[in-house]
Each structure stands twice: as C-alpha cells, then as structure tokens.
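Asker: Sharing a structure below in structure tokens format, with a few things to ask.
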Amino acid sequence: MKKCYLILSFLLACLVLPLSSLQAQSDRPNFKLGAKAGLNLFFLPDDAYIQEADAALGPEVGIFARIGESIYVQPEVNFVSHNTNLITNDQPRAGERDQLVVRYLRVPVLLGYRTDYDGFLASEIRFMIGPSFAYAFDVKDNNLNIQRSDITKAQFALNGGVGFELWLLNLDLMYHHGFTEMFNRSDSDSRGRAVSLTVGAAF
C-alpha cells in the first residue's frame, strides 16, 4: 500500500514540476495551474452479482492545468475514492451490507468553454466535457470478500459538468459516467456513475 502511494506521489510530482516550470516561463494569461478538493457521490446499478447498492460519499483531490481562454483544454490528475454500500450474491455472510471503497488515480482531459458572464456572486461560468482514464490501485478491506484483483484495473469514462468562478475560488459540479465494467466477473456488468462537487483555485 505504501509502495503504491510512493509511486503515485512520484507520478504526481513528475506532472507538477514541468507545469510549474512552464507557468514560470510564460507571461501568457491563458495558462493556469491549480488544485482542487471535494466530495463525490458514487453509485452502481444492481445486476446479477449485486443484490443491493446504495450510493455513498467519497473524497477526491487533484491538480489541473487550464490552457486557453474562452475555449480551453484542462488536463487533470486526481486521486479519487469511490465508495458504495453493497450486498452481493456470494459474500461470506449473506445479506450483510458493507461498504466497498475503491481508490483510483484518474486522469481526465476536458475540453471547455468559458463564458464572459460577470454576475454579483459568480463570474466566468465554464462548461466542460471530456474522457478520463482511471487506474484502480487500492481496495479497502471489507466483509464482501472483494479484493483489488476483483476490480477492473483500467477503467474509462466520460466526464462533463459546469464550473463557476467565485472570486479566487473555482466551484465545479461534475458528472462521471463509466463505460467499463467495475468488476472482473462474467455475471456483472455494473458501470459506475458519480456526481462530484469540488472547490479549488487556479493561478
């Protein structure tokens, strides 16, 4: 587990340092580097493997670069925890609900449009959409007998949402629509869905 965090921290540093250097060398106002943190509400549809699934909150943090003005590209690196409360068909104790926590390194690339709206509370409303790749690097111990090997490691999704500039803060509301089956099982085709709210800043 510690080894995974060290590797992921190294990858994060490899992204931050070049972007920070680029920002320092550039006087153009159309390049920004930022960070954000927030919560997501993750849920899975029931299928042949899942008897019941209830949505649960999980944290997420990340960094991003925003390149462009009214039309922009926003690559990100996020650490995301997707949590859901499940009852499965083959768990050790039948009918006992437990929380499944899967941690991901997620890399979205968003294409956005920023309006010139300037209101009293919010300004520069942003709309964005784009694909993301997520790597499942950890599964928390649970009573469902679900381990990391039971989770599809490489998962793809489409992300879309709206963002608001609140003075120095960025407030983003995003929807995450998974296209990859979450479980490595022939009797399950559940694809995750999530809604997230994050607060960040870009400079």
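Asker: Between Leu173 and Ile125, what is 0.36 nm times their sequence separation minus the Cα-Cα distance? Round to one decimal in nm.
Answerer: Extending this stretch completely gives an extra 16.1 nm.
Asker: Roughly speaking, what is the centre-to-centre gap between the range 29-102 and the range 144-199 when only Cα atoms are used, to the nearest Å?
Answerer: Each part reduced to its Cα centre gives a spacing of 4 Å.
Asker: Let me ask something additional. Cut-off is 10 Å between beta-carbons; in what order do Ser70, Ser149, Ser190 appear when sorted fewest neighbours first?
Answerer: Ascending number of Cβ neighbours within 10 Å: Ser149, Ser70, Ser190.
Asker: Suppose we look only past 18 Å in the calculated P(r) of the range 108-171. What percent of the Cα-Cα pairs does that tail hold?
Answerer: Every Cα pair in the range 108-171 considered, those over 18 Å come to 56 percent.
Asker: Moving to a separate point now. Taking 41 Å as R0, compute the FRET efficiency from the Cβ-Cβ separation of Asn30 and Asp138 and round it to 0.05.
Answerer: Using R0 = 41 Å, I get an efficiency of 0.65.
Asker: Additional query: Enumerate the calculated ³J(HN,Hα) couplings along the range 186-198 in order (Karplus 6.51 cos²θ - 1.76 cosθ + 1.60, θ = phi - 60°), each rounded to whole Hz, writing x wherever the residue is Gly or Pro.
Answerer: Couplings: 6, 9, 9, 10, 5, 10, x, 10, 8, 10, 10, 10, 10 Hz.
Asker: In whole percent, what relative contact order does the range 24-156 give with Cα contacts below 8 Å and a gap of six or more residues?
Answerer: In percent, rounded to a whole number, it is 19.
Asker: Give a residue-ordered list of calculated ³J(HN,Hα) values for the range 31-36 (Karplus: 6.51 cos²θ - 1.76 cosθ + 1.60, θ = phi - 60°; whole Hz; x for Gly, Pro).
Answerer: 10, 10, 10, x, 9, 8
Asker: Just flag the chymotrypsin sites (Phe, Trp or Tyr not before Pro) in the range 87-117 sitting in loop per DSSP whose Cβ has no more than 14 other Cβ atoms within 10 Å.
Answerer: Listed in order of number, the matching sites are Tyr117.
Asker: For Leu33, Leu168, what's the fewest-to-most ordering of other Cβ within 10 Å of each Cβ?
Answerer: Ranking Leu33, Leu168 by Cβ neighbours within 10 Å, fewest first, gives Leu168, Leu33.
Asker: Once both labels are modelled 7 Å past Cα along the beta-carbon direction, what's the Phe156-Asn184 spacing in nm?
Answerer: Using points 7 Å along Cα→Cβ, the separation is 2.0 nm.
Asker: Now a separate question. Could you please rank Lys36, Lys153, placing first whichever residue has the fewest other Cβ atoms within 10 Å of its Cβ?
Answerer: Lys153, Lys36
Every number here is computed from the coordinates shown, using simple stated rules; none is lab data. Bear in mind the structure is a predicted one, so any value in this text is a computation, not a measurement. Glycine gets a Cβ as well: all are built from the backbone with ideal geometry, and neighbour counts include every protein chain shown.
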